[in-house]
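**Student:** Below you'll find the structure I mean.
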Amino acid sequence: MSEIRLAAETRTEFGKGAARRARRAGLVPGVVYGHGHAPVHLNLPGHDLMMALKTPNALLVVPIEGKDEYVLPKAVQREAIKRTIEHVDLLLVKRGEKVTVEVPVHTEGELAAGGNLLEHVLQALPVEAEATHLPEAVTVSVEGLEAGASVLAKDIALPAGVALAVEADAVVLQVIAAQAAPVEDEAAEGAEA
C-alpha cells in the first residue's frame, strides 16, 4: 500500500466555533493519538482527506511538530445528510509495527445454478499486519458453491505477512437457498368471499 501525504496544520483554537470556521475554510478538524504521546490537534485539507479515505485502511503521512508521522484513520465522523467529513481521529503508527485492521471481503465467480443467494456474514475480515504493508482487500472465489456451503476465515488466502485476527472457524460467507413466496390463487380467494 502506498503512503498518502496530507498537509496539516496544528490547531490552536478549539470548540464549535473554531471547528465551523475550519470547515468553512475547507479544512477538517482531527486529532492524532497513540504511543503514549499527548494528543495532537490538527486541521487537515478536506478534499484531500476525503479522497484518501476512499482507500480502505489508508496509510497517511502528516507533519506533526515538523516531523512526518504515519497515521491510520481510526474513526471518521460524517455529517448526516451531506456525508461530508466533520472530524477524524487518527492513530499514530510506526514502521514495522503490527496493527489490527478490518479488510473488505470481495467475491468473484458465480454460485451454482438454482437461485442461491450469497450472504456476507463478515463484510470485513479482521487481520493483523505491518502498518506499512496493509492489504486493501481480500478476494474469495465463490465459483460453483451450492446452498449450505460456507467459507471460513481459515479458507481465505492472505498475503504474506498478514495473519487472521479472528477465530479460524469464523464463517465469512455462506450460500443459502432462495426462498420463494407462495403464489396465492386469486380465483380461490374470490370464491371464499
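**Student:** Of the DSSP beta bridges with both residues in segment 35-193, give the percent that are antiparallel, rounding to the nearest 5.
**Tutor:** 90
**Student:** Something else about it: Summing -39500 (n - 2.57) over the DSSP H runs of n ≥ 4 in the chain and dividing by its residue number, what mean residue ellipticity at 222 nm do you reach, to the nearest 500 deg cm²/dmol?
**Tutor:** -3000 deg cm²/dmol
**Student:** In square angstrom, rounded to the nearest 10, how much accessible surface does residue 150 have for a 1.4 Å probe?
**Tutor:** Probe radius 1.4 Å; accessible area of residue 150 about 60 Å².
**Student:** For the chain, compute the number of Lys pairs whose alpha carbons are separated by less than 22 Å, excluding pairs fewer than 8 positions apart on the same chain.
**Tutor:** 10
**Student:** Work out the charge dipole of the chain with +1 on the Cβ of Lys and Arg and -1 on the Cβ of Asp and Glu about the Cα centre, then indicate which of 135, 121, 150 is farthest towards its positive end.
**Tutor:** Comparing the listed Cα positions along the dipole, 135 ranks first.
**Student:** In segment 100-174, what % of DSSP beta bridges are antiparallel (nearest 5)?
**Tutor:** Counting DSSP beta bridges with both partners in segment 100-174, the antiparallel share is about 75 percent.
**Student:** Right, something else. Below 8 Å, C-alpha to C-alpha, sequence gap of six or more: please give me the relative contact order for the chain in percent.
**Tutor:** Reported relative contact order: 17 percent.
**Student:** Which one of 176, 81, 64 has the biggest mean-square fluctuation once the chain is modelled by GNM with Cα springs under 10 Å?
**Tutor:** Result: 81 has the largest fluctuation of those listed.
**Student:** Shifting gears a bit: Which of 123, 179, 77 moves most in a GNM of the chain, Cα contacts under 10 Å?
**Tutor:** 179
**Student:** At 1.4 Å probe size, what's the solvent-accessible area of residue 108? Round to the nearest 10 Å².
**Tutor:** Counting only protein heavy atoms, residue 108 exposes about 100 Å² to solvent.
**Student:** Could I ask something else about it? Could you state the per residue volume, in Å³, of the convex hull enclosing the Cα atoms of segment 122-172?
**Tutor:** 79
**Student:** What does the convex hull of the Cα atoms of the chain come to per residue, in Å³, rounded to a whole number?
**Tutor:** It is 202 Å³ per residue.
**Student:** Can you pull a Stokes-Einstein diffusion coefficient for segment 1-73 at 10 °C (1.306 mPa s), Rh from Kirkwood over Cα pairs, as a whole number of µm²/s?
**Tutor:** 125
**Student:** By the scheme Lys and Arg +1, Asp and Glu -1, what is the net charge of all other residues having a beta-carbon under 13 Å from that of residue 55?
**Tutor:** For residues surrounding residue 55, the net value is -2.
**Student:** Sticking with this one: Along the three principal axes, how long is segment 82-158 when you take its alpha carbons, biggest first, rounded to the nearest angstrom?
**Tutor:** Principal-axis extents of the Cα atoms in segment 82-158, largest first: 49, 36, 16 Å.
**Student:** With all protein chains present and a 1.4 Å probe, how do 84, 55 order by accessible area, largest first?
**Tutor:** Heavy-atom accessible area, descending, gives 84, 55.
**Student:** Would you mind counting up the charge near residue 177? Only other residues with Cβ under 13 Å from its Cβ, with Lys and Arg at +1 and Asp and Glu at -1.
**Tutor:** Combined, the nearby Lys, Arg, Asp and Glu give -2.
**Student:** Just to be sure I follow the definition: excluding the sites themselves, where is the longest run in the chain that has none of the trypsin sites (Lys or Arg not before Pro) in a DSSP loop with at most 13 other Cβ atoms within 10 Å?
**Tutor:** 96-193
The values are calculated or read from the model by the stated rules, or taken from the named source; none is laboratory data. Computed from a predicted model, the values in this text were never measured in an experiment. Don't worry about glycine lacking a Cβ; one is built from the backbone with ideal geometry, like all the others, and counts go over all protein chains shown. These accessible areas exclude ligands, DNA and RNA; they are computed on the full protein's heavy atoms, side chains included. Shrake-Rupley method; radii C 1.70, N 1.55, O 1.52, S 1.80 Å.
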